Amino acid sequence: MTQGKVSMVVPCYNKAPYVEGMMQSIYVQKWDNIELILVNDGSTDGTREIIGEWEPKFIERGYEVVIIDQKNQGAAAAVYKGMQHMSGEYFCTVDCDDRLDPAYVSTMAGWLVEHLEYEWAACGCAYTLEKGEKVNIAQFDCKPDMPQILENYMFYRIITSACVYIVRTNYIKKCEVLNVHTMPCVSQEPQIIVPLAAGEGKLKYFEEALYLYNLDTAAVGRKESFAKTKSFHEQYFRLIEKSIERLCIADMDKQRFLILAQIAKFKILLSTTRNFLEFGEYGPKLIEEMTEAINRNFVLPQEIQLKNAMDFGEAWFPLVLKKWIFGEERKPKPIPQKHGKIIGYGSMGKVAQKLLPLLMGTPLMPMILWDNAATPDVQPSNAAVTKPEFALLTEEDVIIVFPKDISVLTDLQQQIKGRAVQCFLRQDEVKRFLEAYYFPQLQGDCMFVEGWNKRLLF
């Protein structure tokens, strides 16, 4: 295989304890034709000296090496500066405190060399400890050949880091990625990914975790408090909006993307900041704003009732996300018209305590609540829970299994072996039922304005 030149831009700023690991992982790549562009962004901790020591090693390895020194201007400016010097057929950017799998370049660049119909490629990633153990694997949540790459990116359904992509430089120029916002900012990702995604170039995705994030440094600052997490995502989406505004697309498409970005911001803030104590005060406002935005921008038979949205919390949003934006069905499992008792199993857990109030008054309201941990002295505040009495089951009964752990379901099936029940419903199936019950106006097919082929309507 002919190895096209890959221009790898590495912004480097005050990561002396970690940069050695990245340099070593670049050195052992299974791809020989690499142009390594190291941008020292005003480091003061010895980072510059370390990359200088690696320069002759890379040259001996056969790589082209460019080292650029500049005053500290932030990662976006450093990446932009490096891109001005690239001469390769392919581009990627990696952070100096992470590491690469040896097949990072060869897998993605190799595919692009042999498949000219693809403009870019992406890989999965892993978060690793200092010694290299993988503790969490991150992959795309959607199909790799999805036609709505920009929408999927805004809703964090694909990996948002620019470091998992290798792109043809001709496509970079076609999408005008070099026209980026380089002032100090929280991230360089939106300025790179938004124009690439909007360009609709064909993307190849590899599930392998070829990019290895350093868990010691990944997003440390914004995990410290609700305020920092909220501030980061708000700034991040401002960058997304600025990047959308610079796109050379029809005004109607631009308006659509900007509204999607607004809705995506609500969704991401709800899901990423809910673990902080302050979220209890801030969350309802987010739900209200998101509900109002959906009522205003979708064609619905009737408006979403704010009370239903508040009662259901953030869990109602996946129906809108899956069906109305991405066209993915979330049909609820049919409930038998004739059934015996409805029994909630695992009714003292967190999932049950969240879903049981929503099931009250619905056709799926449990008549009996079971939990292996139930005792007369240990009870939830809203209902009586007893230990399971499997001998009482009949073939007409329906069991709702609240815990998500598949081992719980397996154990339950063993417990009732020989006592067949009509059906099991797990928590995901219950959530789909509740979405359909509380929001029937979102169940119909999407309606289209003449001349539009998008699911989001105005």
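For residue 116 and residue 373, compute 0.36 nm times the residue count separating them, minus their Cα-Cα distance, and round to one decimal in nm.
Result: 86.6 nm gained on full extension.
Evaluate the distance, in nm, between pseudo-label points positioned 7 Å from the Cα of residue 337 and of residue 407 along their respective Cα→Cβ axes.
4.2
Can you list the aspartates and glutamates whose alpha carbon is less than 15 Å from that of residue 57, not counting same-chain residues fewer than 8 positions off?
20, 32, 35, 49
Expressed in whole Å with the largest first, what are the equivalent ellipsoid semi-axes of segment 342-438 derived from the C-alpha gyration tensor as the square root of 5 times each eigenvalue?
Whole-Å semi-axes of the equivalent ellipsoid: 19, 17, 13.
Can you sort 426, 256 from fewest to most other Cβ atoms within 10 Å of each residue's own Cβ?
By the 10 Å Cβ count, ascending: 426, 256.
Too long at a 20 Å Cα-Cα cut-off: which of 81/265; 204/267; 5/30; 267/307?
81/265; 204/267
How would 216, 397 line up from fewest to most surrounding beta-carbon atoms within 10 angstrom?
216, 397
Among 396, 55, which comes first, then next, by fewest other beta-carbon atoms within 10 Å?
So the ranking, lowest neighbour count to highest, is 396, 55.
Coordinate-derived values only; no laboratory data. This one's a predicted model, so the numbers in the text were calculated from it and none came from an experiment. Glycine gets a Cβ as well: all are built from the backbone with ideal geometry, and neighbour counts include every protein chain shown.
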